[in-house]
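Asks: Below is one structure. I have some questions about it.
The values are calculated or read from the model by the stated rules, or taken from the named source; none is laboratory data. Keep in mind the model is a prediction, meaning the values are calculated, not measured. When we count neighbours, we look across all protein chains shown, and the Cβ atoms used for this are built from the backbone with ideal geometry, even at glycine. Keep in mind that these areas ignore ligands, DNA and RNA; they rest on the heavy atoms of the full protein, side chains included. Shrake-Rupley method; radii C 1.70, N 1.55, O 1.52, S 1.80 Å.
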Amino acid sequence: MKPKPSSLTLSFALAATPFLLLPGMATAANVVANPLCKSETAFFDPGNGGDIKLPPGFTVSVFASGLNAPTGIAFLGNNNQFQVYVLESGHGLPSNCNEQGSWPGGVFDKANPFTPDILVFDQGGKKIAGPIGKPTSSGGGFQPAGPAVDIAFERGFQGGRLFATDSNQATHGGGQNSSSRIVTVDIHSGIVTPFITGLPTGDHPTEQLAFKQGWIYWSQGSTTNSGVVGLDNNGGKNQPDIPCQDITLSQNVFPSSLTPFVATSGYEPFGVQAKGATVPAFKNTMTGQIRQGVCDGATLRALLNDPRVIEPVGWGHRNGYAIRFAPEDHPLRGQLLVGEDGADERGARPSNGAPEVLSVDQQNADGTPVYHGWPDRYGFLAASQAVFNPVGGASDDLCVFDAGNPPSFCTPASLANILKFDVPIADVLAFPPAPIVAPLALEAADSSFTGIDFAPRSFVGGPVQRGAALYTLEGDFGFSAPNATAPAPEVGHEVKVINFNKDPNAALSLSFQNFARNDTGDQAFISSTKTAGFNRPTNVRFGPDGCAYIVDYGAVRDPGGGPGGDTRFVNPADAPLVQIPGTGVIFKICRSGGGEGGDRDD
């Protein structure tokens, strides 16, 4: 089983490993070890973010550090006085080193770094409460296997209920089917109350949150990498994707094994071939259940006063993880901007070089969701275009690993089978279920959209124009070759800015610029001397003080692009993605002289 997750949403349950080191305890100067696998370490000393390059007129500082695996942030208050709520996701990535059940104090120990919780800080970065919402033996709190992905107050800085998303991905490769939830968290008692349950879970669970006009919106990632359940999905045990509209499957099936021959149709359980079949909207073909409004690879919404009313807003995303509403006076006029993470080189329908995609989601006049074309379209192009052909990788279902055969690391015979059976990438659907709405823009393959927010007026200056948005790129996970060839810089592990044209009578146009990036051009944890920078930025939100808060998940040991990579795990038994608790950071970027307060409260 050879999974390749993206956007921090998988978890695995493998054999327990004995406790070796407390999180955050140094084994040498500025070295932090995974608490369950002490040979997996990272250099860590974020200082004050001094290795992050910024445009003139902006400053960076460290708001909080030594966190476990933060993914979400929310604010309560105003520029004069506010609190900062930080969500730690718990077990979010696949490795025996990340197992919450292997923690010596037990799953329900409040010190367990691999279970979700919320920490509360004052505006100066002093911790004042938490952990809140830790799982309990009585079933309270967040789900223990995680990950928890996002938190948000329904009225923005003004408060109201605090919502969060979580899952229980407790088994190898992405877990307990339909375990994703939206919950509310009482900020005083810490009680976690389910709001919507039974949402799809697999490669990607229920993710980020947004609110508008009495509705709660969320990104619901695809349960598979490319529309087909493969061995990368819990050995084929995970649930298939659920369509948001009626679909007709193609005649194509996608092999995971040749001897014996095992192949699967899209949107069907592993090993099920249903050539030409019709799958009704909202049908889970694993259970046979149809639940109105619940589908994946989509943005969904529900009424805040009646969460039984669920509707898709847009779909045909692979993983539209990052979502944010534009301000009403923006050129996007209050529309929902979606940052989508593209398909990977893995599973039964692998692809190489699929881009990340920036789109707008909104319902059509008849209430149907807009459709963006996944799984048979990647951005502006059909998935069958040669540019996306798999090149062979250790996470492809047909690959037999061979460390001596780079760059695929597959035996020559198995690589030949990948190129025979998986090239070109065949369509999952017989035809699109609706007209395909093109994206606004593309971003580099494997750079991974993880957060978007619109800048307040007090942040405008230099490359940041009125109406601009910042977005975070988490970066790749080392399963494929880098998305650039040296000396060109690799894209990812950074923050960028989007500017929009200001003429309401002109066609919409966007421009993109670098904004905040490590001066090494790479992750901080691999260097003993340049540690004061980003590892994996997983979110960006502007606070009441008008500053941008960058949530950094921390260091992750990964396949390193193959043996010899500088981010690679030390022990092959620890594969594929080793979290290093205690290396999470909240960076704060302000206009020089400090923020002057935001002009929004959402």
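Asks: For residue 420, all conditions in the list (1) farther than 20 Å from residue 233 by Cβ; (2) in contact with a helix residue (DSSP H, G or I) (Cβ under 7 Å, 6 or more places away or on another chain); (3) without any contact (Cβ under 8 Å) to a residue 24 or more places away in the chain hold save one; what is the number of the exception?
Replies: (2)
Asks: Just the residues that are under 14 Å from residue 374 (Cβ atoms) and open to solvent by 40 Å² or more (accessible area, probe 1.4 Å), please, taken from segment 434-454.
Replies: Matches in segment 434-454: 436, 437, 438, 442.
Asks: Can you work out which of the residues in segment 288-305 that are in contact (Cβ under 8 Å) with a residue 24 or more places away in the chain and more than 20 Å from residue 226 (Cα to Cα) is most open to solvent (accessible area, probe 1.4 Å)?
Replies: The qualifying residue most open to solvent (accessible area, probe 1.4 Å) is 305.
Asks: Can you find even one residue in segment 101-119 that is part of a helix (DSSP H, G or I) and either touching a residue at least 12 places away in the same chain (Cβ under 8 Å) or of a type outside the set (D, E, K, R) (or both)?
Replies: yes
Asks: Here are some conditions: (1) surrounded by fewer than 20 Cβ atoms within 10 Å (Cβ to Cβ); (2) outside any loop (DSSP other than H, G, I, E, B). Residue 415 meets all but one. Which one does it not meet?
Replies: Tallying (1) surrounded by fewer than 20 Cβ atoms within 10 Å (Cβ to Cβ); (2) outside any loop (DSSP other than H, G, I, E, B), residue 415 fails exactly one: (1).
Asks: Right, something else. Could you check segment 196-216 and list, in sequence order, the residues that are among the hydroxyl-bearing types (Ser, Thr, Tyr), within 16 Å of the chain's Cα centre (by Cα) and under 9 Å from residue 181 (Cα atoms)?
Replies: Selection gives 206 alone.
Asks: Among (1) closer than 30 Å to residue 396 by Cα; (2) among the charged types (D, E, K, R); (3) surrounded by 22 or more Cβ atoms within 10 Å (Cβ to Cβ), which single condition is residue 545 missing?
Replies: Going through (1) closer than 30 Å to residue 396 by Cα; (2) among the charged types (D, E, K, R); (3) surrounded by 22 or more Cβ atoms within 10 Å (Cβ to Cβ) one by one, residue 545 breaks only (1).
Asks: Here's a follow-up. Return the only residue of 271, 288, 320 being part of a loop (DSSP other than H, G, I, E, B), modelled with pLDDT of 95 or more, small (Gly, Ala, Ser) and under 20 Å from the mean Cα position of the chain (by Cα).
Replies: Details: 271 fails: under 20 Å from the mean Cα position of the chain (by Cα); 288 fails: under 20 Å from the mean Cα position of the chain (by Cα).
Step by step, each of 271, 288, 320 is checked, and only 320 is part of a loop (DSSP other than H, G, I, E, B), modelled with pLDDT of 95 or more, small (Gly, Ala, Ser) and under 20 Å from the mean Cα position of the chain (by Cα).
Asks: Tell me, which residue of segment 106-124 that is touching a Phe, Trp or Tyr at 6+ places or on another chain (Cβ under 7 Å) and closer than 20 Å to residue 62 by Cβ is most open to solvent (accessible area, probe 1.4 Å)?
Replies: 123
Asks: Does residue 139 qualify as being touching an Asp or Glu at 6+ places or on another chain (Cβ under 6 Å) and of a type in the set (Gly, Ala, Ser)? So that I can check it myself, show each step before the final result.
Replies: Values: touching an Asp or Glu at 6+ places or on another chain (Cβ under 6 Å): no; of a type in the set (Gly, Ala, Ser): yes.
No.
Asks: Filter segment 164-178 down to the residues that are at pLDDT 90 or above, outside any strand (DSSP E or B) and open to solvent by less than 20 Å² (accessible area, probe 1.4 Å) and list them by number.
Replies: 167
Asks: While we're looking at this one, here's another question. Among the residues of segment 452-467, is any in contact with a helix residue (DSSP H, G or I) (Cβ under 9 Å, 6 or more places away or on another chain), in a loop (DSSP other than H, G, I, E, B) and not acidic (Asp, Glu)? Write out each step before concluding.
Replies: From segment 452-467, those in contact with a helix residue (DSSP H, G or I) (Cβ under 9 Å, 6 or more places away or on another chain) are 466; that's our starting set.
With in a loop (DSSP other than H, G, I, E, B) added as a condition, the list becomes 466.
From what is left, the residues that are not acidic (Asp, Glu) are 466.
Looking for residues that are in contact with a helix residue (DSSP H, G or I) (Cβ under 9 Å, 6 or more places away or on another chain), in a loop (DSSP other than H, G, I, E, B) and not acidic (Asp, Glu), one finds at least one in segment 452-467, hence yes.
Asks: Return the residue satisfying two criteria in turn: it lies in segment 482-496 and is farther than 11 Å from residue 522 by Cβ and crowded, with 22+ Cβ neighbours inside 10 Å, and of such residues it is modelled with the lowest pLDDT.
Replies: Taking the candidates together, the pick is 491.
Asks: Against the condition under 22 Å from the mean Cα position of the chain (by Cα), modelled with pLDDT of 95 or more, in a strand (DSSP E or B) and among the aromatic types (Phe, Trp, Tyr), how does residue 534 come out, does it pass? Can you show your working first?
Replies: Working: under 22 Å from the mean Cα position of the chain (by Cα): yes; modelled with pLDDT of 95 or more: yes; in a strand (DSSP E or B): no; among the aromatic types (Phe, Trp, Tyr): yes.
No: the conditions fail for residue 534.
Asks: Continuing with this model, one more query. Pairs please, first residue from segment 491-515 and closer than 14 Å to residue 333 by Cβ and assigned to a loop (DSSP other than H, G, I, E, B), second anywhere and among the aromatic types (Phe, Trp, Tyr) and open to solvent by 70 Å² or more (accessible area, probe 1.4 Å), Cβ atoms under 6 Å, 6+ apart in sequence or on different chains.
Replies: Hits for this filter: zero, empty list.
Asks: Given the condition out of contact with any strand residue (DSSP E or B) (no Cβ under 8 Å at 6 or more places or on another chain) and at positive phi, answer yes or no: does some residue in segment 109-128 qualify?
Replies: no
Asks: Looking at (1) free of Cβ contacts under 8 Å to residues at least 60 places away in the same chain; (2) not in a loop (DSSP other than H, G, I, E, B), can you tell me which one residue 360 breaks?
Replies: So the condition that residue 360 fails would be (1).
Asks: Ok, one more. Taking residue 386 as meeting all but one of (1) at pLDDT 95 or above; (2) in contact with a Gly (Cβ under 6 Å, 6 or more places away or on another chain), write down the number of the exception.
Replies: Of everything listed in (1) at pLDDT 95 or above; (2) in contact with a Gly (Cβ under 6 Å, 6 or more places away or on another chain), residue 386 misses just condition (2).
Asks: Can you spot a residue in segment 1-9 that is surrounded by fewer than 24 Cβ atoms within 10 Å (Cβ to Cβ), modelled with pLDDT under 95, of a type outside the set (A, V, I, L, M, F, W, C) and under 22 Å from the mean Cα position of the chain (by Cα)? Show your work before the answer.
Replies: Going residue by residue through segment 1-9, those that are surrounded by fewer than 24 Cβ atoms within 10 Å (Cβ to Cβ) are 1-2.
From the residues that got through so far, the ones that are modelled with pLDDT under 95 too are 1-2.
Still in the running and of a type outside the set (A, V, I, L, M, F, W, C): 2.
From the residues that got through so far, the ones that are under 22 Å from the mean Cα position of the chain (by Cα) too are 2.
Yes, segment 1-9 contains a residue that is surrounded by fewer than 24 Cβ atoms within 10 Å (Cβ to Cβ), modelled with pLDDT under 95, of a type outside the set (A, V, I, L, M, F, W, C) and under 22 Å from the mean Cα position of the chain (by Cα).
Asks: Further question: Evaluate the following for residue 219: is it at pLDDT below 95, in contact with a strand residue (DSSP E or B) (Cβ under 6 Å, 6 or more places away or on another chain) and within 18 Å of residue 298 (Cβ to Cβ)? Steps first, please.
Replies: Numbers: at pLDDT below 95: no; in contact with a strand residue (DSSP E or B) (Cβ under 6 Å, 6 or more places away or on another chain): yes; within 18 Å of residue 298 (Cβ to Cβ): yes.
When the stated conditions are applied, residue 219 does not pass them.
Asks: If a residue has to be at pLDDT 95 or above and either in a loop (DSSP other than H, G, I, E, B) or open to solvent by 20 Å² or more (accessible area, probe 1.4 Å) (or both) to count, how many in segment 558-588 make the cut?
Replies: 5
Asks: A further question follows. Could you please find all residues in segment 132-163 being free of Cβ contacts under 8 Å to residues at least 60 places away in the same chain, surrounded by fewer than 20 Cβ atoms within 10 Å (Cβ to Cβ) and of a type outside the set (Val, Ile, Thr)?
Replies: Keep residues of segment 132-163 that are free of Cβ contacts under 8 Å to residues at least 60 places away in the same chain, which gives 132-144, 160-161, 163.
This time we only want the ones that are surrounded by fewer than 20 Cβ atoms within 10 Å (Cβ to Cβ), so: 136-140, 160-161.
Of everything in segment 132-163, those that are free of Cβ contacts under 8 Å to residues at least 60 places away in the same chain, surrounded by fewer than 20 Cβ atoms within 10 Å (Cβ to Cβ) and of a type outside the set (Val, Ile, Thr) turn out to be 137, 138, 139, 140, 160, 161.
Every residue, every condition in (1) assigned to a strand (DSSP E or B); (2) open to solvent by less than 10 Å² (accessible area, probe 1.4 Å); (3) under 23 Å from residue 116 (Cβ atoms), yes or no:
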{"site": "193", "(1), (2), (3)": "yes, no, yes"}
{"site": "196", "(1), (2), (3)": "yes, yes, yes"}
{"site": "204", "(1), (2), (3)": "no, yes, yes"}
{"site": "228", "(1), (2), (3)": "no, yes, no"}
{"site": "238", "(1), (2), (3)": "no, yes, yes"}
{"site": "243", "(1), (2), (3)": "no, yes, no"}
